[in-house]
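Inspection log for the structure reproduced underneath, given as structure tokens.
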Amino acid sequence: MTTSQATLDRTLSLKAVVLFGLAYMTPMIVLGTFGVVATTTNGAVPTAYIITTLAMIFTAYSYGIMSKEYPVAGSAYTYVRKSIDSRLGFMVGWGILLDYFFLPMVIWLIGAAYLSAQFPTVPSYFFLLAFIALTTILNVIGIQLAAKVNSLLMTFQVLVIIFFVALSLLHIFVADGLSGMVSLTPFFNDGSSFNTIAAGAAVAAYSFLGFDAVTTLTEETIDPKRTIPKAIILTALIGGGIYIVVGYTTQLVHPGGIFQDADSAAFEIAKVIGGNLFSAVFLAGMVLAQFTSGIAAQASASRLLYAMGRDSVLPKALFGHLNARFHTPEFNIILTGAIGIVALFLDVLSAASFINFGAFVAFTMVNLSVVFMYYKNERARAQYNVLSGVVLPILGAVVNVWLLTKLDIHAVVLGSCWLLLGVVHLAYLTKFFTKEPPEVDFDEEGALDDNSSFTQSILE
């Protein structure tokens, strides 16, 4: 394989980049996880999303600063490696790998939960295994099919969300009149507390996974030093706004956090506000969203593993291998599919919390990268003041650490074990920390070719 760097065209506008970020986040996920967040907060979903949105805005600000300084792909891994330390950068990359590696599992689990709610006589594991099998086969063959339907699906998602909110408000209006539409109960009630809302905010962060993905488009964006920082903040703001509004109206329809099945609670609510017809439309939207999101997540994970294998960060013979016919990293794709089977033993809360552990670690370190860059780089000190270069990033880091401590204890233990495994692997790669760890080149030609075409198709 050639080692020359791919040449990428700068064609993406601010609108296109924001659209990519929102598509990656999958707006319907707020309904997919509504029951879990409502149960955790005891009926204060919008407040949980307000807290999480604020945390993401701090972090988005830091991502914006770092994307100006290092306008290349690699995101948090690159920022920490360049501004703090290569070994710490490796560990952040290892933490991000946790997200990529296990994210498809959570996506498939949510999709299976909603199908199981509609077809209770069919074992839930059947739907889960069907999701895994179909997406794995498509990814081995190629992801062009998903790329072609993604724009249409994004439009469908937005329409379903709009109808869900409208029907929720209509339901409240018929039951309680205009006065019923304005209430503080969804924000705080007798059953909720600061601790329950904080725990819910930690889970709600799952809905924001991918907002930082716009930084990977740096080399394909027009005027990236201006566009990327704006795009990442707009993505977090717009996504957070959608989540807060949907959380508020849905919580009005169903106060509290008690459901027949928290993992598929929004389907239960869809029946209440729109009857069988709308619940069927909602289910179709949710399943399609999870299906294509699963394809994209599995494709991204497999190519990250491929990049690490190609650069000998992971065993090259396995992780750096491409299928001779389809030119896809088949071992990595099959591995992420096999990992998805773990979802048979998990619920959405545990699985999402586990994923969020890696995200909070990465977000914290990106915030701290700004502080280190400010003190180490004289040009950065001239460009930013103490407030923008130190105070705001530290606040972002503190909020992310605080949210991390509110995760399910099992998620924290498993996440810590994952990081410990990363330390062991790093010690092996660096001969007990006596040399620099190998650097992952995310932009090498061929590394992410399929993802690039997928991204372009989303934006077209």
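The values are calculated or read from the model by the stated rules, or taken from the named source; none is laboratory data. Source: prediction; values computed, not measured. Using ideal geometry, Cβ is built from the backbone for each residue, glycine included, and neighbour counts are taken over all protein chains shown.
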Residues that are among the acidic types (Asp, Glu), under 23 Å from Gln290 (Cα atoms) and at pLDDT below 90: does segment 94-108 have at least one? yes
Output the number of residues of segment 316-363 satisfying the condition of being crowded, with 24+ Cβ neighbours inside 10 Å, over 15 Å from the mean Cα position of the chain (by Cα) and among the polar types (S, T, N, Q). 2
What number goes with the only condition from (1) modelled with pLDDT under 80; (2) under 30 Å from Thr430 (Cα atoms); (3) assigned to a helix (DSSP H, G or I); (4) not aliphatic (A, V, I, L, M) that Tyr24 does not pass? (2)
I need the full set of residues from segment 371-409 which are in contact with a Leu (Cβ under 8 Å, 6 or more places away or on another chain) and either in contact (Cβ under 8 Å) with a residue 60 or more places away in the chain or of a type in the set (D, E, K, R) (or both), in order please. Pro393, Val399, Asp408
Identify the residue in segment 38-50 that is of a type in the set (Val, Ile, Thr) and surrounded by fewer than 24 Cβ atoms within 10 Å (Cβ to Cβ) and, among all such residues, is farthest from the chain's Cα centre (by Cα). Thr39
Test Ser67 against the criterion of being touching a Ser or Thr at 6+ places or on another chain (Cβ under 7 Å), in a helix (DSSP H, G or I), small (Gly, Ala, Ser) and closer than 28 Å to Val390 by Cβ, and give yes or no. yes
Taking segment 237-270, which residues are of a type in the set (S, T, N, Q) and farther than 13 Å from Ser168 by Cα? Gln260, Ser264
Every pair of residues 6+ apart whose Cβ atoms lie under 7 Å, when the first sits in segment 301-328 and is under 25 Å from Lys431 (Cα atoms) and assigned to a loop (DSSP other than H, G, I, E, B) while the second is modelled with pLDDT under 80 and of a type in the set (A, V, I, L, M, F, W, C): Asp311/Val440; Val313/Val440; Leu314/Met308
Top-ranked residue of segment 373-415 - restricted to ones that are more than 21 Å from Tyr79 (Cβ to Cβ) and out of contact with any helix residue (DSSP H, G or I) (no Cβ under 8 Å at 6 or more places or on another chain), ranked as modelled with the highest pLDDT: Val413
Hey, Thr336 in contact (Cβ under 8 Å) with a residue 24 or more places away in the chain, of a type outside the set (Gly, Ala, Ser) and part of a loop (DSSP other than H, G, I, E, B) or not: no
Find all pairs meeting these conditions: Cβ atoms under 7 angstrom apart; at least six residues apart or on different chains; first residue within segment 221-249 and in contact (Cβ under 8 Å) with a residue 60 or more places away in the chain; second residue basic (Lys, Arg). Thr221/Arg10; Ile222/Arg10; Lys225/Lys68; Pro229/Lys68
Please tell me if Asn189 is at pLDDT below 95 and outside any helix (DSSP H, G or I). yes
Filter result (under 16 Å from Leu346 (Cβ atoms) and either under 21 Å from the mean Cα position of the chain (by Cα) or not in a helix (DSSP H, G or I) (or both)) within segment 124-141: Leu128, Phe131, Ile132
Tabulated pairs, segment 258-273, first on the phi < 0 side of the Ramachandran plot, second of a type in the set (A, V, I, L, M) and assigned to a loop (DSSP other than H, G, I, E, B), C-beta under 9 angstrom, 6+ apart or interchain: Ala266/Met28
